[in-house]
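Reviewing the structure listed below.
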């Protein structure tokens, strides 16, 4: 029998009675038997729900949804901070993480935090604890990761004898939430309670409700926005990144290309600069075209030869050697042609002599 007190119902999931077909698949799938029928409608009990999402997975009619916050909630917050899961970056192919974070600020967040650094800190702490535990025996083996709240709730609810196996290390999101709240409170000169932390994650199960049987369970993040469920977040980020950002991105790319070309020119050694200068002088002296340079040096790409002439790429010694050999050949041919002309000029034919006498 289920109590009529709705305060006992779980805020984790929401049921749509008009979509429910009464198949009872969610009741069978729930590992803690938290789903019951109340007035012929399914409900989820807060004192048993661990927010594993099994009911959502097996529901074929779409009658179950996860409770998350929408973007409208940002308008009521004094200071809203987004803690972004790195999984969000993979949703936008070819877009840099920094552009995604900037887009989130334009959506309405006062600040955006990337927890990647804290994830590295957590992994290092886990490695250190495991190494110490091998000698000191601080915790029984095997050790269980505390990253997933569902696992912790399931252990606390059904397998309390496994609680000593949990790693006593603060989760990355909790660590960044704690430090972010303290730092933002100091920077903005406001109370910590006025700071609302949003966690953008593919797993809304990481939210701890205000009504929970796990009385000792605490969570430093205030609200959750599911990446999959909050379509507005994905669509707005895509709009900002693909429509409003291309100009700044294009300028950044152009500036970077210019800087790279300048750096490559400055970093060339004196010998390379001397080869480039000699190459340019020879090509200008003989008025060589790009096609002739390609033919003489044996290069397949005319763009490479063009970069040599513009100073964007260093001239290989082999290419300069080929140009020198061709120039020497042209010089020898000119000398031979001059000698031939002089010999022909010294030989006077009878017709030339008679023409001169006349």
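Ordering 114, 18 from the fewest to the most neighbouring beta carbons within 10 Å gives 18, 114.
Convex hull volume of the C-alpha atoms in the range 84-161, normalised per residue: 148 Å³. Grab the alpha carbons of the range 6-66, take their convex hull, and tell me the volume per residue in Å³. With only Cα atoms used, the range 6-66 gives 71 Å³ per residue.
Put a dot 7 Å past the Cα of residue 75, heading toward its Cβ, do the same for residue 132, and the two dots end up 5.0 nm apart.
In terms of other Cβ atoms within 10 Å, 224, 190 run from fewest to most in the order 190, 224.
Its residue count N fixes a reference of 2.2 N^0.38 Å for the range 267-328, and the Cα radius of gyration divided by that reference is 1.00.
Between residue 192 and residue 161, the modelled labels are 3.8 nm apart [label points 7 Å from Cα along Cα→Cβ]. With each pseudo-label sitting 7 Å past Cα toward Cβ, what's the residue 330-residue 19 distance in nm, one decimal? Label at residue 330, label at residue 19, 7.7 nm between them.
Rule-based calculations on the coordinates, nothing more; no lab input. All of these numbers come straight from a predicted model, not from anything done at the bench. Ideal geometry is used to build each Cβ from the backbone, glycine not excepted, and the neighbour counts take in all protein chains shown.
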